[in-house]
Amino acid sequence: MEILPGIKIRNAADSDIEFIIETIIQAEKGNSNSISYCKLFNIDETEFRNALKQILKENIPNFEFSLGNFKIAESNGKRIGAYGAWFEGEDGISSGILKISAMKSLLDKENIVHYKLSAPVADEISIRRQPGTIQFESIYIIEEYRGKNIGNMLVQALLDDLTEKHPGVEKAFVQVIKQNSVSLQAHLKYGFQIIEEKTSLNPQITAFFSGNTRVLMEKKLK
């Protein structure tokens, strides 16, 4: 799908897995150098990248780490950005359950125990995903192409596909850490509006996330 001269938006393929891994990692880091999954499961970045590679190869649908959820932006054949989105609860299973099940299947017992101990703190700023809606997660655009409308192109391409498959869907959502002002401002430009904030005053929360407030943003489709 050509949108501007030299720019193409396409579906992610197996050959894009390494770029999708980088997208998820960079989206997780946001304005910090911290990856929440590494903190929650007590793994390092290399272990997380290896787990992501295995999960993406399986291409389990309808959750954050599904290869089929992602669109790739290219400029003259060079990957310059990616974004993922899916229809929540399509098979009656929440994306959260799919994500944690996938991670647990690849990690050691002590990592799972660490997650169970960490989860109550992380849950203090968790916001439930609404079934029957479009959910966005993990955007990354390489630095020299930022501010050139690539993010908006990716959002629109994902919405075009998902609304065609699910014509009755009325809302799309994205969740960001409020302290990640770059992502917050970008999604406001994409047409999302803040509808909910969840803050934790627990000092342990910043051991897992780059801020203590999670923001739910909505884009009405009808």
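The values are calculated or read from the model by the stated rules, or taken from the named source; none is laboratory data. Computed from a predicted structure; not experimentally measured. Glycine also receives a Cβ, built like all others from the backbone with ideal geometry; neighbour counts cover every protein chain displayed. Side chains are part of the model used for accessible areas, which takes the heavy atoms of the whole protein and leaves out ligands, DNA and RNA. Shrake-Rupley method; radii C 1.70, N 1.55, O 1.52, S 1.80 Å.
Could you compute the FRET efficiency for ASN11 and LYS109, with r as their C-beta to C-beta distance and R0 at 35 Å, rounded to 0.05?
Taking R0 as 35 Å, the efficiency between ASN11 and LYS109 is 0.45.
Under a plain spin-label model, where a point goes 7 Å from the Cα along Cα-to-Cβ, how far apart in nm are ASP161 and GLU18?
Result: 2.2 nm between the two label points.
State, as an integer percentage, the relative contact order of the chain based on alpha-carbon contacts under 8 Å between residues 6 or more apart.
23 percent
List the aspartates and glutamates whose Cα sits under 12 Å from the Cα of LYS178, skipping any in the same chain fewer than 8 residues away.
GLU196, GLU197
Based on Cβ point charges of +1 for Lys and Arg and -1 for Asp and Glu, what charge dipole magnitude is obtained for the stretch 1-121 about its Cα centre, in debye rounded to the nearest 20?
The calculated dipole for the stretch 1-121 is roughly 120 debye.
Using the crude model of +1 on Lys and Arg Cβ and -1 on Asp and Glu Cβ, and no other charge, please compute the dipole size for the stretch 63-222 relative to its Cα centre, in debye to 20.
Dipole magnitude for the stretch 63-222 comes out near 220 debye.
Which of the helices in the chain meet the span-like rule: DSSP H, Cα axial reach of 15 Å or more, Kyte-Doolittle mean at least 0.0?
17-29, 150-165
Answer with one residue from SER138, LEU221, VAL121: the one whose Cα lies farthest towards the positive end of the charge dipole of the stretch 91-222, charges on Cβ with Lys, Arg +1 and Asp, Glu -1.
It is LEU221.
Please give the per residue accessible area of the chain, computed with a probe of 1.4 Å over protein heavy atoms only, in Å².
The answer is 49 Å² per residue.
Counting Lys and Arg as +1 and Asp and Glu as -1, each charge on the Cβ, what is the dipole of the stretch 68-123 about the Cα centre in debye, to the nearest 20?
Once rounded to the nearest 20, the dipole reads 240 debye.
Tell me the carbon and sulfur percent of the accessible area for the chain, rounded to whole percent, probe radius 1.4 Å.
Carbon-and-sulfur percentage of accessible area, whole number: 48.
If you average the C-alpha positions of the stretch 152-199 and of the stretch 100-123 separately, how far apart do those two centres end up, in angstrom?
28 Å
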